[in-house]
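Below is one structure, written out as structure tokens; the observations come after it.
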Amino acid sequence: MTAVYDKLGINFMYPENWKLLDETSGTPHVVTLEAPDGSSTWSVHVYDKDIDQDQIFKDTLEALQETYPDVEITPLGDDEQLDQLRQVPSVDSDSVQSIEAMFYCLDFLIQARLCLVATDRHWLLVWTQAEDRDFDKQKIVFAAITVSLLQTLQKTN
């Protein structure tokens, strides 16, 4: 079954057995979903449209590098998930930026993807993360949640 998140101008569906953490105070507004076993997360950081997109990405990457000094970062140009995002009418396809990050947390190799997209009203930074060995299994769930988010923005704008 699916659950629905609908607050502060964003709406998306997600698996009902995932844990929801909603940080509504402060900027950006952050909503995080955690898989039942705790090994995977999906989150969206909602920024006002008047914030500079390059600064959002720069600040995010600096925080990641500060937390994980040995992080390996690779820009993603073409990718199946990015292609799906660019197809959604509410997304400014020219603004999509995405990177893949690999880092160790404790003894686990973590794979993360960060994707920044512009909509009519917001900058959305979608951050997906899982143990490297589990990332491909979770990729379908991550994509479904993200597309659900962007499609509902399309309907409400």
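Worth a mention:
- Spans of strands (runs of 3 or more DSSP E) in the stretch 54-157 with at least 2 residues open to solvent by less than 10 Å² (accessible area, probe 1.4 Å) and at pLDDT 80 or above: 97-105, 108-118, 122-131
- Consider the stretch 27-51 and keep the residues that are loosely packed, with under 11 Cβ neighbours inside 10 Å and under 21 Å from residue 120 (Cα atoms). The one that is modelled with the highest pLDDT is 50.
- Among the candidates 22, 50, residue that is assigned to a loop (DSSP other than H, G, I, E, B) and not polar (S, T, N, Q): 50
- Cβ separations smaller than 9 Å between residues 6+ apart or across chains give the following pairs from the stretch 1-17 residues that are more than 16 Å from residue 30 (Cβ to Cβ) and touching a residue at least 60 places away in the same chain (Cβ under 8 Å) to residues that are assigned to a loop (DSSP other than H, G, I, E, B) and open to solvent by 100 Å² or more (accessible area, probe 1.4 Å): 15/1.
The values are calculated or read from the model by the stated rules, or taken from the named source; none is laboratory data. It should be emphasised that the depicted structure is a prediction, and the values quoted were computed from it without experimental measurement. With ideal geometry, Cβ positions are generated from the backbone for all residues, glycine too; neighbour counts draw on all protein chains shown. To get the accessible areas, we keep the full protein, side chains included, count just its heavy atoms, and leave off ligands, DNA and RNA. Shrake-Rupley method; radii C 1.70, N 1.55, O 1.52, S 1.80 Å.
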